[in-house]
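Notes follow once the structure below has been shown.
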Amino acid sequence: MIVLDQIRKLYDRSPAVDGVSLTIRQGSIYGLLGPNGAGKTTIIRMLCGLTRPSSGRGEIDGVDTWKERYRARRHFGYMAQKFSMYDDLTVTENLRFFGSACGVPASLLDDRVARLLDQVDLTAKRGAKSGSLSGGMKQRLSLACALIHKPAVLFLDEPTSGLDPMHRQELWSLLYSLSNEGKTLLVSTHYMDEAERCTEVGFLHRGRLLASDRPGAIKEAHRNNLLEIQVEPQMPALLALNATPGVLGASLRSGWIRLYASDPRQLLAGWQAAWPFSGLRLIDHRWTDPDLEDVFRAYSQGFEALLRQETLPI
């Protein structure tokens, strides 16, 4: 349904997107992950026909996203990170406006609006000004407006940014129902729990696609266990460990400090023989499998090779 073929975008001769190739099947929820500046939004803009690729091409349902961009726009809906509806129009007025702009016939518009209001649970708010809605309701209205012309593909650029956990879950429930209907979703996100909910994910870094697969398969491909230790007090320990030779990074996870190290077994053996941190107390250690947050951090900080080493601890 969505195809990227060696697509590139240069700004001032620097690649914002650098030769990305990707195929997304119908009905998939594809999560596009990467740090700020990785190229996520640029890819979505090229697929929407808003930005011309420097080279390569994109397709939506067989339609070239630049050469046939006006035709391609009938096939997709776009939901921006920032609320972009008209605050002084009511919920219904916004839907009718965007429906008319997308060419929905007047004879179908009222029924289409009513069905979408029911689908996103905004029927009770149909007469409210959109500017008065809560953050979660605004995102549901944005989603409804993106769906008003019944597109086959939906692009969502960090759609849950700023939402509380309850509203994030509500929005994802809507996305699941859309996927079940056969719509294809491309979602950019920074939230690792949302990446776990996608059928496939891709990691972007400096404009390049470093990995693309099912979340479970990506985690399984990174076979090296990670060392976690319990140290008291935690905050001074975290600072000390991050500055320790041989430790590439350390983070706090549920009371344990998770370490990224070139040789964690040797590191642990040395600490067990002679603990080097005065004022800090080593309480316990354990080994754990990497999750998507570990993989994301490894890719974005350049030490993903450590997670691929098959050096399982004894």
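The values are calculated or read from the model by the stated rules, or taken from the named source; none is laboratory data. Keep in mind that this is a model prediction, so the values were computed, not measured. Neighbour counts run over all protein chains shown; Cβ positions are idealised from the backbone, glycine included. What goes into the accessible areas is simple: the full protein's heavy atoms, side chains included, and nothing from ligands, DNA or RNA. Shrake-Rupley method; radii C 1.70, N 1.55, O 1.52, S 1.80 Å.
Do you know which of the residues in segment 132-171 that are of a type in the set (D, E, K, R) and in contact with a Gly (Cβ under 8 Å, 6 or more places away or on another chain) is nearest to GLY58 (Cα to Cα)?
GLU170
Inside segment 130-145, residues that are part of a helix (DSSP H, G or I) and surrounded by fewer than 17 Cβ atoms within 10 Å (Cβ to Cβ) make up a count of 3. Scanning segment 146-162 turns up at least one residue that is open to solvent by 40 Å² or more (accessible area, probe 1.4 Å) and more than 19 Å from ARG74 (Cβ to Cβ). Once segment 198-240 is narrowed to residues that are among the aliphatic types (A, V, I, L, M) and without any contact (Cβ under 8 Å) to a residue 24 or more places away in the chain, the residue that is most open to solvent (accessible area, probe 1.4 Å) is LEU239.
Among the residues making up segment 163-176, those that are in a helix (DSSP H, G or I) and open to solvent by 30 Å² or more (accessible area, probe 1.4 Å) are PRO165, MET166, HIS167, ARG168, GLN169, GLU170, SER173, TYR176. Scanning segment 91-118 for residues that are touching a helix residue (DSSP H, G or I) at 6+ places or on another chain (Cβ under 7 Å) and buried (at least 17 other Cβ atoms within 10 Å of the Cβ) yields a total of 12. Checked against the criterion of being within 30 Å of THR199 (Cα to Cα), open to solvent by 30 Å² or more (accessible area, probe 1.4 Å), among the acidic types (Asp, Glu) and in a helix (DSSP H, G or I), segment 281-290 has no qualifying residue. Within segment 44-69, residues that are more than 19 Å from ALA80 (Cα to Cα) and open to solvent by less than 10 Å² (accessible area, probe 1.4 Å) have Cβ atoms under 6 Å from residues that are aliphatic (A, V, I, L, M) and outside any strand (DSSP E or B) in these pairs: GLY58/MET46; GLY58/LEU47; VAL63/ALA72, counting only partners at least 6 apart in sequence or on another chain.
For segment 163-205, a residue qualifies if it is more than 21 Å from THR23 (Cβ to Cβ) and touching a Pro at 6+ places or on another chain (Cβ under 7 Å), and the qualifying residues are LEU171, GLU196.
Does segment 6-19 contain at least one residue that is closer than 17 Å to PRO159 by Cα, assigned to a strand (DSSP E or B) and at pLDDT 95 or above?
No, segment 6-19 contains no residue that is closer than 17 Å to PRO159 by Cα, assigned to a strand (DSSP E or B) and at pLDDT 95 or above.
Checking each residue in segment 48-83 for being of a type in the set (A, V, I, L, M, F, W, C) and out of contact with any Asp or Glu (no Cβ under 9 Å at 6 or more places or on another chain) picks out CYS48, LEU50, ILE60, VAL63, TRP66, PHE83.
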